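Asker: Before we start, here is the structure in question, set down as structure tokens.
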Amino acid sequence: MAVQRNTSGARTARGAGTGANGPSGGPARNDRSGKPRKRKISKKQQAIYRRRRIVAGTVLLLIIALIVFCVYSLGRGIGAVNTMIHHDEVYAISRDATPAPKKVSNVKDCSASDVTLQLSAASQSVPVGGSLDFTATIVHEGSGNCLVDGSDSGRVLTITSGQETIYKSDVCPADSRLLLMAKGDKDVQKVTWNTNANATLTECTDESGWAKVNAGTYVAQLSLKDHPKVKSDPVPFTVG
């Protein structure tokens, strides 16, 4: 017996296959080229990613700044240590390189005939271990201007006892104190003697180590170092 092909069934079968592989029954494709669609990121997620990038950038900048600061501090520290190590050498070089001051003025130095010295004591007696203030005065009596050193090294206070010299104010050096003086000018300074002895010293030492004088009668007098014959009247006083 001949078998007849059911054409309607075949059409039905083709229709069923199309339905299985089509949009409703088969695997979904994103576009015609078969590539997956890009994932859409919400605004909230974009804000989160943006904040993360800002935080990461800030941390990176802080790390870089910290490294730069450490390197700078290390360099400054090494420089300071090097300066301390070589301080004496640098000081010696700078001191040697500094020239001694030169006298550029045409004003002459005062001669023995230009100035006189005056000395007075605040008291005629002082206790052992105490101190006595003197008033030292330089008076210009010449006719023209001149220069004189009014420091304790230039205008010297000397304390004697009999024929023995006990104290001199120029044992320790003092900075020069040049005075430009004209006729009638006076320079008045206070000089303090701490009742100690230093005349036997061969070099300057700390005054706290100087011996104190014993009770007795002493004489103070001023003189000019550059002109030893220029002296004040002697001023007697007692220690006791």
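The values are calculated or read from the model by the stated rules, or taken from the named source; none is laboratory data. Computed from a prediction, not measured in an experiment: that's the story for all the values here. Cβ placement follows ideal geometry from the backbone for every residue including glycine, while neighbour counts extend to all protein chains displayed. Only protein heavy atoms, including side chains, enter the accessible area calculation; ligands, DNA and RNA are left aside. Shrake-Rupley method; radii C 1.70, N 1.55, O 1.52, S 1.80 Å.
Asker: Suppose the filter is polar (S, T, N, Q), outside any loop (DSSP other than H, G, I, E, B) and open to solvent by less than 50 Å² (accessible area, probe 1.4 Å); does Ser223 pass it?
Answerer: Working: polar (S, T, N, Q): yes; outside any loop (DSSP other than H, G, I, E, B): yes; open to solvent by less than 50 Å² (accessible area, probe 1.4 Å): yes.
Yes.
Asker: Please go through region 192-220 and pick out each residue that is of a type in the set (A, V, I, L, M), surrounded by fewer than 17 Cβ atoms within 10 Å (Cβ to Cβ) and in contact (Cβ under 8 Å) with a residue 60 or more places away in the chain.
Answerer: Residues of region 192-220 of a type in the set (A, V, I, L, M): 197, 199, 201, 211, 213, 215, 219-220.
Filter once more, keeping what is surrounded by fewer than 17 Cβ atoms within 10 Å (Cβ to Cβ): 199, 201, 211, 215, 219.
Hits for region 192-220 are Ala215, Val219.
Asker: When the residues of region 173-206 are filtered to those that are under 32 Å from the mean Cα position of the chain (by Cα) and hydroxyl-bearing (Ser, Thr, Tyr), which remaining residue is farthest from Val139 (Cα to Cα)?
Answerer: Top of the filtered list is Thr205.
Asker: How about region 214-240: which of its residues are in contact with a Leu (Cβ under 9 Å, 6 or more places away or on another chain) and of a type in the set (D, E, K, R)?
Answerer: Lys231, Asp233
Asker: Given the options Asp149, Asp170, Asp133, name the one that is within 35 Å of the chain's Cα centre (by Cα), open to solvent by 30 Å² or more (accessible area, probe 1.4 Å), among the acidic types (Asp, Glu) and under 22 Å from Val213 (Cβ atoms). Quick ask: steps written out before the conclusion?
Answerer: Values: Asp149 fails: under 22 Å from Val213 (Cβ atoms); Asp133 fails: within 35 Å of the chain's Cα centre (by Cα).
From the options Asp149, Asp170, Asp133, the qualifying one is Asp170.
Asker: Does Val188 satisfy the criteria of being more than 22 Å from Thr116 (Cα to Cα) and modelled with pLDDT of 95 or more? Working first, answer last.
Answerer: Values: more than 22 Å from Thr116 (Cα to Cα): no; modelled with pLDDT of 95 or more: yes.
For Val188, the condition - more than 22 Å from Thr116 (Cα to Cα) and modelled with pLDDT of 95 or more - is not met.
Asker: Mind counting the residues in region 173-191 that are open to solvent by 30 Å² or more (accessible area, probe 1.4 Å), in a strand (DSSP E or B) and either acidic (Asp, Glu) or in contact with a Phe, Trp or Tyr (Cβ under 8 Å, 6 or more places away or on another chain) (or both)?
Answerer: Here the count works out to 1.
Asker: Do we have any residue at all in region 129-138 that's in a strand (DSSP E or B), among the β-branched types (Val, Ile, Thr) and out of contact with any Lys or Arg (no Cβ under 7 Å at 6 or more places or on another chain)?
Answerer: Here is the first cut: in region 129-138, the ones in a strand (DSSP E or B) are 132-138.
Narrowing the set further to residues that are among the β-branched types (Val, Ile, Thr) leaves 135, 137-138.
Applying the additional criterion that residues be out of contact with any Lys or Arg (no Cβ under 7 Å at 6 or more places or on another chain) yields none.
Checking region 129-138: not a single residue is in a strand (DSSP E or B), among the β-branched types (Val, Ile, Thr) and out of contact with any Lys or Arg (no Cβ under 7 Å at 6 or more places or on another chain).
Asker: Would you confirm whether or not region 138-159 contains a residue that is among the β-branched types (Val, Ile, Thr) and touching a Cys at 6+ places or on another chain (Cβ under 7 Å)? First the steps, then the outcome.
Answerer: Residues of region 138-159 that are among the β-branched types (Val, Ile, Thr), as a first pass: 138-139, 148, 156, 158-159.
Checking which are touching a Cys at 6+ places or on another chain (Cβ under 7 Å) leaves us with 148.
So far as region 138-159 goes, yes, one or more of its residues are among the β-branched types (Val, Ile, Thr) and touching a Cys at 6+ places or on another chain (Cβ under 7 Å).
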